[in-house]
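Participant: This is the structure, below, for whatever I ask next.
The values are calculated or read from the model by the stated rules, or taken from the named source; none is laboratory data. Treat the numbers as computed from the prediction; the structure is a model and nothing was measured. Cβ placement follows ideal geometry from the backbone for every residue including glycine, while neighbour counts extend to all protein chains displayed. Surface areas here come from the heavy atoms of the whole protein model, side chains and all, with no ligands, DNA or RNA. Shrake-Rupley method; radii C 1.70, N 1.55, O 1.52, S 1.80 Å.
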Amino acid sequence: MSGFSAEWLALREPADARARDPGLLRAAAAFAGAGPVVDLGCGTGSMMRALRPHLAAHARFRLVDDASDLLAAVAVADPSVDLVRADLSVDLGAVAGARLVTASALLDLVSAGWLDRLVAAVTAERAGFYAPLNYDGRAIWSPPLSGDAPVLAGFNRHQRGDKGFGPALGASAAAEAAARFARAGYRVETAQSPWRFEPARIEDAQIVRAVAYGMQDAARAIDAGSAAAFDAWLAARMEAAGDTTLVVGHTDLLALPA
Ligand SMILES: C[S@@+](CC[C@H](N)C(=O)[O-])C[C@H]1O[C@@H](n2cnc3c(N)ncnc32)[C@H](O)[C@@H]1O
(Lines give C-alpha, C1' and ligand atoms only; values in the text may rest on other atoms or scores of the structure.)
Protein backbone atom coordinates (compact mmCIF):
# COMPACT_ATOMS: atom_id res chain seq x y z
CA MET A 1 0.00 0.00 0.00
CA SER A 2 1.45 3.35 -1.02
CA GLY A 3 0.14 5.71 1.66
CA PHE A 4 -1.76 8.34 -0.35
CA SER A 5 -5.03 9.27 1.37
CA ALA A 6 -8.35 9.93 -0.34
CA GLU A 7 -8.49 13.20 1.63
CA TRP A 8 -5.16 14.40 0.19
CA LEU A 9 -6.20 13.42 -3.34
CA ALA A 10 -9.52 15.27 -2.93
CA LEU A 11 -7.68 18.34 -1.67
CA ARG A 12 -5.33 18.42 -4.65
CA GLU A 13 -7.87 17.56 -7.38
CA PRO A 14 -9.07 21.15 -8.05
CA ALA A 15 -5.45 22.40 -8.03
CA ASP A 16 -4.47 19.61 -10.43
CA ALA A 17 -7.38 20.49 -12.73
CA ARG A 18 -6.26 24.14 -12.86
CA ALA A 19 -2.62 23.18 -13.39
CA ARG A 20 -2.74 20.59 -16.21
CA ASP A 21 -1.81 22.08 -19.57
CA PRO A 22 -5.13 22.28 -21.47
CA GLY A 23 -3.54 21.77 -24.91
CA LEU A 24 -1.84 18.51 -23.93
CA LEU A 25 -4.98 17.29 -22.14
CA ARG A 26 -7.07 17.88 -25.28
CA ALA A 27 -4.44 16.27 -27.52
CA ALA A 28 -4.31 13.20 -25.25
CA ALA A 29 -8.11 12.94 -25.33
CA ALA A 30 -8.21 13.32 -29.11
CA PHE A 31 -5.73 10.45 -29.47
CA ALA A 32 -7.62 8.29 -26.94
CA GLY A 33 -10.79 8.14 -29.02
CA ALA A 34 -13.03 5.50 -27.48
CA GLY A 35 -10.16 4.05 -25.44
CA PRO A 36 -9.40 2.00 -23.61
CA VAL A 37 -7.62 4.55 -21.45
CA VAL A 38 -5.53 2.74 -18.85
CA ASP A 39 -4.85 5.03 -15.88
CA LEU A 40 -1.88 3.86 -13.79
CA GLY A 41 -1.89 4.88 -10.13
CA CYS A 42 -5.44 6.17 -10.55
CA GLY A 43 -6.05 7.11 -6.91
CA THR A 44 -9.72 8.06 -6.66
CA GLY A 45 -10.12 8.64 -10.43
CA SER A 46 -9.12 12.29 -10.83
CA MET A 47 -7.42 11.67 -14.22
CA MET A 48 -10.57 10.02 -15.59
CA ARG A 49 -12.73 12.92 -14.40
CA ALA A 50 -10.38 15.37 -16.15
CA LEU A 51 -10.40 13.45 -19.46
CA ARG A 52 -14.08 12.41 -19.57
CA PRO A 53 -15.53 15.75 -20.76
CA HIS A 54 -13.23 15.61 -23.80
CA LEU A 55 -14.10 12.01 -24.79
CA ALA A 56 -17.03 10.21 -26.33
CA ALA A 57 -19.55 9.16 -23.67
CA HIS A 58 -18.83 5.48 -24.22
CA ALA A 59 -15.02 5.74 -23.95
CA ARG A 60 -13.64 2.85 -21.91
CA PHE A 61 -11.38 3.23 -18.88
CA ARG A 62 -9.27 0.77 -16.91
CA LEU A 63 -8.25 2.30 -13.58
CA VAL A 64 -5.32 0.67 -11.81
CA ASP A 65 -4.04 1.16 -8.27
CA ASP A 66 -2.74 -1.02 -5.45
CA ALA A 67 -4.74 0.81 -2.77
CA SER A 68 -8.14 -0.83 -2.31
CA ASP A 69 -9.48 2.10 -0.26
CA LEU A 70 -8.74 4.51 -3.13
CA LEU A 71 -10.30 2.21 -5.73
CA ALA A 72 -13.38 1.94 -3.50
CA ALA A 73 -13.57 5.75 -3.43
CA VAL A 74 -13.73 5.95 -7.24
CA ALA A 75 -17.42 5.15 -6.73
CA VAL A 76 -18.57 4.64 -10.31
CA ALA A 77 -21.32 2.27 -11.35
CA ASP A 78 -20.40 2.46 -15.00
CA PRO A 79 -19.88 -0.57 -17.23
CA SER A 80 -17.34 1.36 -19.30
CA VAL A 81 -14.99 1.57 -16.27
CA ASP A 82 -12.95 -1.38 -14.98
CA LEU A 83 -11.22 -1.11 -11.62
CA VAL A 84 -8.06 -3.20 -11.34
CA ARG A 85 -6.14 -3.72 -8.14
CA ALA A 86 -2.50 -4.38 -8.99
CA ASP A 87 0.94 -3.57 -7.66
CA LEU A 88 2.37 -1.75 -10.65
CA SER A 89 5.93 -2.13 -9.40
CA VAL A 90 5.75 -5.79 -10.37
CA ASP A 91 2.75 -6.05 -12.69
CA LEU A 92 2.25 -3.96 -15.82
CA GLY A 93 -0.21 -6.44 -17.35
CA ALA A 94 -3.00 -3.84 -17.22
CA VAL A 95 -1.33 -1.92 -20.07
CA ALA A 96 -2.25 -4.70 -22.53
CA GLY A 97 -4.70 -3.50 -25.18
CA ALA A 98 -4.48 0.19 -24.17
CA ARG A 99 -5.06 2.97 -26.70
CA LEU A 100 -3.83 5.61 -24.23
CA VAL A 101 -1.91 4.99 -21.00
CA THR A 102 -2.12 7.77 -18.42
CA ALA A 103 -0.15 8.31 -15.22
CA SER A 104 -0.98 11.50 -13.37
CA ALA A 105 1.41 12.54 -10.57
CA LEU A 106 2.98 9.08 -10.62
CA LEU A 107 6.28 9.20 -12.51
CA ASP A 108 8.25 11.06 -9.84
CA LEU A 109 7.74 7.99 -7.61
CA VAL A 110 9.26 5.49 -10.03
CA SER A 111 12.80 4.33 -10.83
CA ALA A 112 14.74 4.42 -14.09
CA GLY A 113 14.49 0.63 -14.43
CA TRP A 114 10.73 0.66 -13.93
CA LEU A 115 10.38 3.47 -16.48
CA ASP A 116 12.29 1.35 -19.00
CA ARG A 117 9.77 -1.46 -18.47
CA LEU A 118 6.81 0.92 -18.73
CA VAL A 119 8.05 2.47 -21.97
CA ALA A 120 8.60 -1.03 -23.41
CA ALA A 121 5.06 -2.05 -22.42
CA VAL A 122 3.45 1.13 -23.84
CA THR A 123 5.40 1.16 -27.10
CA ALA A 124 4.73 -2.59 -27.65
CA GLU A 125 1.02 -1.63 -27.79
CA ARG A 126 1.72 1.44 -29.98
CA ALA A 127 -0.35 3.20 -27.31
CA GLY A 128 -0.16 6.89 -26.49
CA PHE A 129 1.20 8.01 -23.13
CA TYR A 130 0.02 11.02 -21.13
CA ALA A 131 1.64 11.82 -17.80
CA PRO A 132 0.68 15.19 -16.34
CA LEU A 133 1.84 16.76 -13.07
CA ASN A 134 5.35 15.42 -12.62
CA TYR A 135 6.99 17.41 -9.80
CA ASP A 136 10.03 19.31 -11.15
CA GLY A 137 11.87 20.17 -7.92
CA ARG A 138 10.69 23.79 -7.53
CA ALA A 139 8.67 25.29 -4.70
CA ILE A 140 8.62 29.08 -4.54
CA TRP A 141 7.13 30.63 -1.41
CA SER A 142 6.14 34.26 -1.15
CA PRO A 143 6.89 35.96 1.16
CA PRO A 144 10.07 33.88 1.50
CA LEU A 145 11.56 32.52 4.74
CA SER A 146 15.21 31.72 5.33
CA GLY A 147 14.31 28.05 5.94
CA ASP A 148 12.68 27.56 2.52
CA ALA A 149 15.84 26.44 0.70
CA PRO A 150 17.10 23.85 3.24
CA VAL A 151 13.63 22.32 3.62
CA LEU A 152 13.23 22.12 -0.17
CA ALA A 153 16.69 20.56 -0.52
CA GLY A 154 15.78 17.91 2.07
CA PHE A 155 12.41 17.30 0.44
CA ASN A 156 13.99 16.90 -3.01
CA ARG A 157 16.54 14.42 -1.65
CA HIS A 158 13.70 12.47 -0.04
CA GLN A 159 11.88 12.45 -3.37
CA ARG A 160 14.71 10.30 -4.75
CA GLY A 161 14.24 7.59 -2.13
CA ASP A 162 12.51 4.29 -2.83
CA LYS A 163 8.73 4.74 -3.13
CA GLY A 164 8.15 1.08 -3.92
CA PHE A 165 9.58 1.09 -7.45
CA GLY A 166 13.32 1.29 -6.63
CA PRO A 167 15.29 4.58 -6.26
CA ALA A 168 12.84 7.24 -7.42
CA LEU A 169 13.53 9.61 -10.30
CA GLY A 170 11.97 12.51 -8.37
CA ALA A 171 12.34 15.82 -10.17
CA SER A 172 14.01 14.31 -13.26
CA ALA A 173 11.12 11.93 -14.04
CA ALA A 174 9.52 13.93 -16.88
CA ALA A 175 12.85 14.46 -18.68
CA GLU A 176 13.76 10.79 -18.28
CA ALA A 177 10.40 9.68 -19.67
CA ALA A 178 10.59 12.19 -22.55
CA ALA A 179 14.05 10.91 -23.55
CA ARG A 180 12.92 7.27 -23.52
CA PHE A 181 9.81 7.87 -25.63
CA ALA A 182 11.80 10.01 -28.10
CA ARG A 183 14.34 7.18 -28.46
CA ALA A 184 11.44 4.82 -29.16
CA GLY A 185 10.43 7.07 -32.09
CA TYR A 186 7.46 8.74 -30.36
CA ARG A 187 6.53 12.41 -30.80
CA VAL A 188 7.02 13.97 -27.38
CA GLU A 189 5.59 17.23 -26.08
CA THR A 190 6.01 18.73 -22.64
CA ALA A 191 4.47 21.75 -20.93
CA GLN A 192 4.83 23.45 -17.57
CA SER A 193 1.87 22.85 -15.24
CA PRO A 194 2.64 24.51 -11.91
CA TRP A 195 0.34 24.52 -8.92
CA ARG A 196 -0.35 28.14 -7.93
CA PHE A 197 -1.86 28.79 -4.52
CA GLU A 198 -2.94 32.30 -3.64
CA PRO A 199 -4.23 34.09 -0.55
CA ALA A 200 -7.27 35.25 -2.55
CA ARG A 201 -8.58 31.66 -2.62
CA ILE A 202 -9.61 30.74 0.94
CA GLU A 203 -9.34 27.00 0.24
CA ASP A 204 -5.71 27.34 -0.89
CA ALA A 205 -4.49 27.90 2.69
CA GLN A 206 -5.41 24.29 3.54
CA ILE A 207 -3.32 22.82 0.73
CA VAL A 208 -0.46 25.25 1.43
CA ARG A 209 -0.42 23.92 5.01
CA ALA A 210 -0.51 20.32 3.76
CA VAL A 211 2.37 20.96 1.34
CA ALA A 212 4.41 22.64 4.10
CA TYR A 213 3.77 19.72 6.45
CA GLY A 214 4.71 17.17 3.77
CA MET A 215 7.94 18.99 2.95
CA GLN A 216 8.98 19.37 6.59
CA ASP A 217 8.20 15.72 7.32
CA ALA A 218 10.29 14.55 4.34
CA ALA A 219 13.17 16.92 5.14
CA ARG A 220 13.20 15.67 8.76
CA ALA A 221 13.38 12.06 7.55
CA ILE A 222 16.45 12.94 5.47
CA ASP A 223 18.24 15.20 7.97
CA ALA A 224 17.23 14.48 11.57
CA GLY A 225 20.03 16.76 12.80
CA SER A 226 18.17 19.78 11.40
CA ALA A 227 14.80 18.74 12.87
CA ALA A 228 14.55 21.75 15.20
CA ALA A 229 15.17 24.21 12.34
CA PHE A 230 12.66 22.38 10.12
CA ASP A 231 10.07 22.42 12.94
CA ALA A 232 10.54 26.18 13.40
CA TRP A 233 10.12 26.66 9.64
CA LEU A 234 6.90 24.63 9.68
CA ALA A 235 5.47 26.64 12.57
CA ALA A 236 6.19 29.89 10.70
CA ARG A 237 4.74 28.52 7.45
CA MET A 238 1.57 27.34 9.23
CA GLU A 239 1.06 30.75 10.78
CA ALA A 240 1.59 32.55 7.46
CA ALA A 241 -0.41 30.10 5.28
CA GLY A 242 -3.39 32.42 4.83
CA ASP A 243 -1.13 35.18 3.43
CA THR A 244 1.16 32.98 1.35
CA THR A 245 1.57 32.51 -2.37
CA LEU A 246 3.11 29.18 -3.32
CA VAL A 247 4.12 27.90 -6.74
CA VAL A 248 5.08 24.23 -7.07
CA GLY A 249 6.62 23.30 -10.40
CA HIS A 250 5.30 20.42 -12.51
CA THR A 251 5.80 19.19 -16.06
CA ASP A 252 3.14 17.50 -18.22
CA LEU A 253 4.24 14.99 -20.83
CA LEU A 254 2.47 13.63 -23.89
CA ALA A 255 4.12 10.97 -26.08
CA LEU A 256 2.33 9.67 -29.15
CA PRO A 257 3.40 7.10 -31.74
CA ALA A 258 4.76 8.87 -34.81
C1 LIG B 1 0.29 11.00 -6.11
S2 LIG B 1 -0.97 9.78 -6.20
C3 LIG B 1 -1.76 10.22 -7.73
C4 LIG B 1 -3.16 9.68 -7.84
C5 LIG B 1 -3.91 10.07 -9.11
N6 LIG B 1 -3.20 9.67 -10.31
C7 LIG B 1 -4.20 11.55 -9.14
O8 LIG B 1 -3.63 12.25 -9.99
O9 LIG B 1 -4.99 12.00 -8.29
C10 LIG B 1 -0.08 8.28 -6.64
C11 LIG B 1 -0.97 7.08 -6.82
O12 LIG B 1 -0.16 5.97 -7.19
C13 LIG B 1 -0.60 4.83 -6.49
N14 LIG B 1 0.52 3.89 -6.36
C15 LIG B 1 1.70 4.12 -5.75
N16 LIG B 1 2.47 3.02 -5.80
C17 LIG B 1 1.75 2.08 -6.47
C18 LIG B 1 2.00 0.73 -6.86
N19 LIG B 1 3.14 0.12 -6.54
N20 LIG B 1 1.05 0.07 -7.56
C21 LIG B 1 -0.12 0.69 -7.88
N22 LIG B 1 -0.42 1.95 -7.54
C23 LIG B 1 0.51 2.64 -6.84
C24 LIG B 1 -1.06 5.38 -5.15
O25 LIG B 1 -1.93 4.49 -4.46
C26 LIG B 1 -1.73 6.67 -5.56
O27 LIG B 1 -3.08 6.47 -5.86
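Participant: Would you check which residues across the range 37-51 are more than 9 Å from the ligand (Cβ to nearest atom) and either β-branched (Val, Ile, Thr) or at pLDDT below 95 (or both) and list them?
Facilitator: Within the range 37-51, Val37, Val38 meet the criteria.
Participant: Quickly run through the range 69-124 and pick out the residues that are of a type in the set (Asp, Glu), under 19 Å from the mean Cα position of the chain (by Cα) and within 15 Å of the ligand (Cβ to nearest atom).
Facilitator: Hits for the range 69-124 are Asp69, Asp87, Asp108.
Participant: Would you mind stating whether Ala210 is touching a Phe, Trp or Tyr at 6+ places or on another chain (Cβ under 8 Å), open to solvent by less than 20 Å² (accessible area, probe 1.4 Å) and assigned to a helix (DSSP H, G or I)?
Facilitator: no
Participant: Output the residue which, of all residues in the range 1-14 that are more than 7 Å from the ligand (Cβ to nearest atom) and out of contact with any helix residue (DSSP H, G or I) (no Cβ under 6 Å at 6 or more places or on another chain), is most open to solvent (accessible area, probe 1.4 Å).
Facilitator: Ranking the qualifying residues of the range 1-14, first place goes to Met1.
Participant: Hey, which of the strands (runs of 3 or more DSSP E) in the range 61-177, taking only ones fully inside, have at least 1 residues that are surrounded by 20 or more Cβ atoms within 10 Å (Cβ to Cβ) and basic (Lys, Arg)?
Facilitator: 61-65
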